[in-house]
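Only one structure is covered here, and it is reproduced in the block below.
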Number of protein chains: 2
Amino acid sequence: MTRAAVVDSAAALGSGEGLDGLSIGRIASELGLSKSGVIGHFGSKENLQLAAVEAAAQRFRAEVWDPVAGEPAGLTRLRALMEAWLSYLEREVFPGGCFLTAAAVEFDDRPGAVRDAVAATWTLWLDVLEREAARAQAQEELASEISPRQIVLQLNAYVMAGNWNKQLFRQPEALTPSRVAIDRLLEMRPLPASRSSPP
Amino acid sequence: MTRAAVVDSAAALGSGEGLDGLSIGRIASELGLSKSGVIGHFGSKENLQLAAVEAAAQRFRAEVWDPVAGEPAGLTRLRALMEAWLSYLEREVFPGGCFLTAAAVEFDDRPGAVRDAVAATWTLWLDVLEREAARAQAQEELASEISPRQIVLQLNAYVMAGNWNKQLFRQPEALTPSRVAIDRLLEMRPLPASRSSPP
DNA sequence: CCTACCGATCGGTAGG
DNA sequence: CCTACCGATCGGTAGG
């Protein structure tokens, strides 16, 4: 289906040059189509942008969320989610870094449907993480002195900063400080737990 | 001087709509000038973008760095720098949030002079923070179990995430979690210091 | 600093 | 999905 190819191209181009910098003519020449062949499926550039956001969100879910759904709820799954998230950045699923981070920064000052879609996607994802953090605390796997919200905002900060670091400075070890920070935060145990190593 | 007005306008517009989305025609109409009156001072759009980055860096320095230079080196100055940084975001010095964060995300995939200037500015700033963190550790005001680099990357993550949070979700308390995280990190003392309260 | 203009590209439409 | 086209805007230049 041509429509899917157009959306994929828009998401790939958008992650690098921006979701608004992307032009219909560029996508058309990239895919060997005419401009009307590109825009015909969507009616307007904004609808195309919305479709790209939707596709990026589904891709994120498929790459980060789904593979981890089988992990035990709580700290184990939270750790797995964070590692899957970092791995998704390392694998460069989108050529220009995290699509939804770039789109958030680009559209945060432009009221409209695209901005709303990006914000809603982020809210959904942060809520997933928060639920897992709360669960980890309820299971006494994680200290309760910090609220689940605060934990999630810090985890998000580490990943966002890692993505930024990687994209701007192009260092191979750009995500290591993020991993260190995440591990430190998630190692905060509710008690100085003495754990017996399995035989 | 007209040139300064053009640069200011470019920096203000660029923080919101992006440094590349900004157009010479828009700046011209904003200032009541002709397009050639705008571009004549710079020769090319890229030179104008470079001038805007330079101006934003000077502004950042004037708003965040200079006011704090008189504080005692070490933890005190590091705390003051972080608070000045958050205050600069709260005061909305640039209408579209931190100019240099937006520019970093926008240009991280576009090799060229603008990208290099943005990266160099960030390196400078992170080095300032790192030096102060190292000083704080040398003065035994801050635990040494985390490297100065790691501390600075975490501090940077909190501020970046706060800026992102503020811009995307428009909540008045958007920076509070950043403050909490910063305080927690900088409260890590080298010893369980018993402090006598002043009379 | 201006007017006047260049070729190129933009988003989008008409008609098929 | 195509060709052909619309008005608008882009960065930049010529000439003053």
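Position A:Thr76: other-copy label points at 5.1 nm, ordered by increasing distance, label point 7 Å along Cα→C-beta. In this calculation the C-beta distance from A:Gln139 to A:Glu187 is compared with R0 = 22 Å, giving a FRET efficiency of 0.90.
If each label sits 7 angstrom from Cα along the C-beta direction, how far apart, in nm, is A:Leu31 from its counterparts in the other copies? Counterpart label points of A:Leu31 in the remaining copies fall at 4.0 nm. Charges were assigned to the Cβ only: +1 to each Lys and Arg, -1 to each Asp and Glu. The resulting dipole of the protein assembly as shown about its Cα centre is roughly 100 debye.
Exposed loop sites here mean GluC sites (Glu not before Pro) with a DSSP loop assignment and at most 14 other beta-carbon atoms within 10 Å; chain B contains its longest site-free run at B:1-91. When B:Ser87 is represented by a point 7 angstrom out along its Cα-to-C-beta vector, the spacings to that point in the other copies are 4.5 nm, nearest first. Principal axis extents of the Cα atoms in the protein assembly as shown, from largest to smallest and rounded to whole angstrom, are 66, 56, 36. Estimated purely from DSSP H runs of n ≥ 4, each contributing -39500 (n - 2.57), the mean residue ellipticity at 222 nm for chain B is -21000 deg cm²/dmol once divided by its residues. Contact order, relative form, for chain A: 20 percent (alpha carbon pairs under 8 Å, 6 or more residues apart, mean separation divided by residue count).
For the residues of A:175-186, the average number of beta carbons from a partner chain within 10 Å of their own beta carbon is 3.
Mean partner shielding of peptide A:164-171, defined as the number of other chain Cβ atoms within 10 Å of each residue Cβ, is 5. Would you please state the base-10 log of I(q)/I(0) at q = 0.18 1/Å for region B:54-186, with intensities from the Debye formula using one equal scatterer on every alpha carbon? Here log10 of I(q) over I(0) equals -1.04.
Read the figures in this text as sums done on the coordinates, not as results from a lab. Given the structure is predicted, the values throughout are model-derived calculations rather than measurements. Glycine also receives a Cβ, built like all others from the backbone with ideal geometry; neighbour counts cover every protein chain displayed.
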